[in-house]
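Remarks on the structure that follows.
The values are calculated or read from the model by the stated rules, or taken from the named source; none is laboratory data. Please read all numbers here as calculations on a predicted model, not as lab measurements. Glycine also receives a Cβ, built like all others from the backbone with ideal geometry; neighbour counts cover every protein chain displayed. Protein only, heavy atoms only, side chains kept; ligands, DNA and RNA dropped before computing areas. Shrake-Rupley method; radii C 1.70, N 1.55, O 1.52, S 1.80 Å.
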Amino acid sequence: MRDSVPGLAYPSNRLLGAVLLFLILDLSVLLINLWIANEVACNAVAINLAGRQRMLSQQISKNLLLLTQTDPQQVPPGTRQELNQGLYLFQQTLSAFAEGSTATDTTLQPVALRAVEGEAALLVSRTRLLIQPLTRLLHSAHPGPTSDPSVLQPANRYMVEHNREILDLMNRLTWRLEEDARQRTRTLQIVQVCAFTLAIGNFAAIMICMLRRMRQAERQRREWQDAAYHDPLTGLLNRHGLETKARHLLADGHTQGTLLLLDLDGFKPINDLHGHPTGDLVLKYVAQALRQVARNTDLLARMGGDEFVLICPRIDQADAVQHLCNRLLDAIARVSLPDHPIHLRVSIGAAFFPRQAAHLPELIRIADQAMYLSKRDGGQRWSLAPQSAPVANPTAR
């Protein structure tokens, strides 16, 4: 079912587009939040593994030292296995950083790492080159539990010689990953703020558009109401508008006043001689003249043709009605057109409310009878209805 106010029932394409854009931006902010959370998690894993590389380097050096500087009988069990495992994890993590593959975290669970770029990639590449000779040296030495530890001396010397450099590279890698993580997070936060700002701005634009539409709809509603209640030619109340407003005025039965029915004398010849456009212009001038006489509290309406109604609350005495009618007669007589000589006259009939009638149709009927008395007596005068009490009824000056 259509809404009673068009413009709100079916939004324009522009408004619909703004709403869709707001939803898209709002969804974008949510996705960016999830993206940032995922980035933080991934960066934390990478930084943690980079930090573990330093520990593994120290573990490799310690195990080599134990295996070469201690009596084989006194070497703690599992030292060679710990050495091999440490080297394996160290190399596996470097490969994962370099190629973007899976590594083993501190809980021995597989985790996916992204391939590092820029300075971090150079640091990983240099470390891989440094660790390759150590791997070859260890693979060439296979001492048993009672083997001569001298076979591991080359690997130990190499590690002692390059351990500081490897530690430095891993420290720089950890720092670089932290910096890259902060930079990516800042970039995503800037994008998030921009998307959020656009969403807020778009929401404000939607609200402004809706408020404008509501004001426009309210203005149209008032215009339609005015059109329903007012005469399009003169701008005065029409019959429907008069009936609506007079119903409230006459409803309580306590407000006293007068209804005047005015009918122009000799208006038809004006239409016949000068045409209906001129006649319409005369009616507009007559309406303007009546407005100048009527009070703000009065109801002034055009009933159709050249007939007008004026309802005046709190004017219910004959002398006050006489004064008012004389002013109306004079105002109509002064109406003139620049290009057409005319001489307007008007007949007025008066009825008191609620003394003579309390309802608009009856009041108009009584005033109509009085108006015909004025026409019968030559026009340009006002009269009271016959059933009213005798009242002096002077003609216009």
For the chain, what is the calculated [θ] at 222 nm in deg cm²/dmol (nearest 500), taking -39500 (n - 2.57) for each run of four or more DSSP H residues and dividing by its residue count? -22500 deg cm²/dmol
Please report the carbon-and-sulfur percent of the accessible area for the chain; probe 1.4 Å, protein heavy atoms only, DNA, RNA and ligands left out. 57
What accessible surface, in Å², does a 1.4 Å probe find on T255, ignoring ligands, DNA and RNA and rounding to the nearest 10? 40
Two-site FRET efficiency, Y372 against Q220, from Cβ-Cβ distance with R₀ of 51 Å, rounded to 0.05: 0.75
Virtual paramagnetic centre 7 Å along Cα→Cβ of K268, amide N under 20 Å, in the range 296-324: 303-308
Quick one: of the DSSP bridges fully inside the chain, what percent are antiparallel, nearest 5? 85
If you find the alpha carbon centre of the range 213-229 and of the range 72-108, how far apart are they in angstrom? 80
Accessible heavy-atom area order of Y158, Y88, highest first, probe of 1.4 Å: Y88, Y158
Quick check: pseudo-label points 7 Å beyond the Cα along Cα→Cβ at W35 and R186, how many nm apart are they? 1.8
Have a look at the DSSP beta bridges in the range 266-397 and tell me what percent are antiparallel, nearest 5. 60
Phi angles of the range 92-107, converted by Karplus (6.51 cos²θ - 1.76 cosθ + 1.60, θ = phi - 60°) into ³J(HN,Hα) in whole Hz with x for Gly and Pro, give 4, 5, 4, 5, 5, 5, 6, 10, x, 10, 8, 10, 9, 7, 5, 9
Quick one: Debye curve from the C-alpha atoms of the chain, no solvent, what's log10 I(q)/I(0) at q = 0.06, 0.07, 0.09 Å⁻¹? -0.54, -0.58, -0.75
7 Å from Cα along Cα→Cβ at both M210 and H323: what's the point-to-point distance in nm? 5.6
Roughly what would the spin-label model give for L130 and K284, points 7 Å off Cα along C-beta, in nm? 9.6
Solvent-accessible area per residue for the range 291-367 (1.4 angstrom probe, square angstrom): 46
Which of rounded, prolate, oblate describes the range 234-339, given a ≥ b ≥ c as roots of the alpha-carbon gyration tensor eigenvalues and a/c under 1.5 marking rounded, otherwise prolate only if a/b is larger than b/c? prolate
Could you put V346, V111 in order of accessible surface area, largest first, with the 1.4 Å probe and the full protein assembly present? V111, V346
